[in-house]
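A quick write-up on the structure given underneath.
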Amino acid sequence: SNVNIETGHAITVDLSVLPNSISINFGGILSINNSGQIGTSATAVQSITVDGSFNIPVTIGSLTPWIKVNNLLVSNGGVFTNATTSMSSANITVTNFTVNANGTYNHDAISSIVSGSTSDFPGTLSRSLASTSTVNITKWAQTGNTPLQSLPAITYGHLVINITGQTYNGSWNQAGAITSLNSLIIQGTGGYEFRVFSNGSGGSLNVSSD
């Protein structure tokens, strides 16, 4: 079956569902609460296409995985927000993650691992971000700890680091994982530095815009 969420409609998933595909039209909203599940441990939803908004809330559900999808596409104007406080690829499993031009991914998720994990970023097999896509990172490791794991080593569009509501216990070192992007905006770092490279190490960062 194929689920289509029309413009102006807001749907909350509060039980286990297994459609073949989900399409969220511009102006449509899909959310999931802590009693819902999209996909099952045995079978993934083939695709979720976001032209509107797809929201994962703070409290993760008791069903595992909470979300399992083969292909998650955030289209032009679409917004995907992940705000769970217990993020792991076992809880939210996205095999192929794509953000098209002018699409937005908001990573407001706190890792289930103390120091954060690169695998918290969607896409266990592939990650593709268009040059004019936007990734907002507002949470990562657990509060009061040092974020030891970098962001994934992929090409970013507009990358915004704005750690809010968290105070870390050390610098967030990317150790050269970020090498190419359209723009980099640093607005909040959790109290310590956001380092692109380790102290004393060389490297290059290709920024094509500002």
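Within region 165-206, the set of residues being open to solvent by 60 Å² or more (accessible area, probe 1.4 Å) and touching a strand residue (DSSP E or B) at 6+ places or on another chain (Cβ under 6 Å) comprises 185, 186, 187, 195, 206.
Somewhere in region 198-208, is a residue part of a loop (DSSP other than H, G, I, E, B) and of a type in the set (A, V, I, L, M, F, W, C)? Looking through region 198-208, at least one residue is part of a loop (DSSP other than H, G, I, E, B) and of a type in the set (A, V, I, L, M, F, W, C).
Set side by side, the residues 175, 153 differ, and just one is part of a loop (DSSP other than H, G, I, E, B), in contact with a helix residue (DSSP H, G or I) (Cβ under 9 Å, 6 or more places away or on another chain) and free of Cβ contacts under 8 Å to residues at least 40 places away in the same chain, which is 153. Taking region 69-85 as the range and being at pLDDT below 95 and either more than 16 Å from residue 139 (Cβ to Cβ) or open to solvent by 40 Å² or more (accessible area, probe 1.4 Å) (or both) as the test, only 85 passes. Just one of the listed residues (45, 79, 13) is within 20 Å of residue 107 (Cα to Cα) and either among the β-branched types (Val, Ile, Thr) or in contact with a Cys (Cβ under 7 Å, 6 or more places away or on another chain) (or both), and it is 79. Residues in region 13-25 that are open to solvent by 60 Å² or more (accessible area, probe 1.4 Å) and modelled with pLDDT of 95 or more: 18, 20. Looking across region 99-117, the residues that are farther than 19 Å from residue 158 by Cβ and among the hydroxyl-bearing types (Ser, Thr, Tyr) come down to 111, 112, 115, 117. Quick check: anything in region 127-139 open to solvent by less than 10 Å² (accessible area, probe 1.4 Å), closer than 22 Å to residue 87 by Cα and without any contact (Cβ under 8 Å) to a residue 40 or more places away in the chain? Looking for residues that are open to solvent by less than 10 Å² (accessible area, probe 1.4 Å), closer than 22 Å to residue 87 by Cα and without any contact (Cβ under 8 Å) to a residue 40 or more places away in the chain, one finds at least one in region 127-139, hence yes.
The values are calculated or read from the model by the stated rules, or taken from the named source; none is laboratory data. None of these values were measured; they are calculated from a predicted model. Positions of Cβ are generated from backbone atoms using ideal geometry, with glycine treated the same way; all protein chains shown enter the neighbour counts. To get the accessible areas, we keep the full protein, side chains included, count just its heavy atoms, and leave off ligands, DNA and RNA. Shrake-Rupley method; radii C 1.70, N 1.55, O 1.52, S 1.80 Å.
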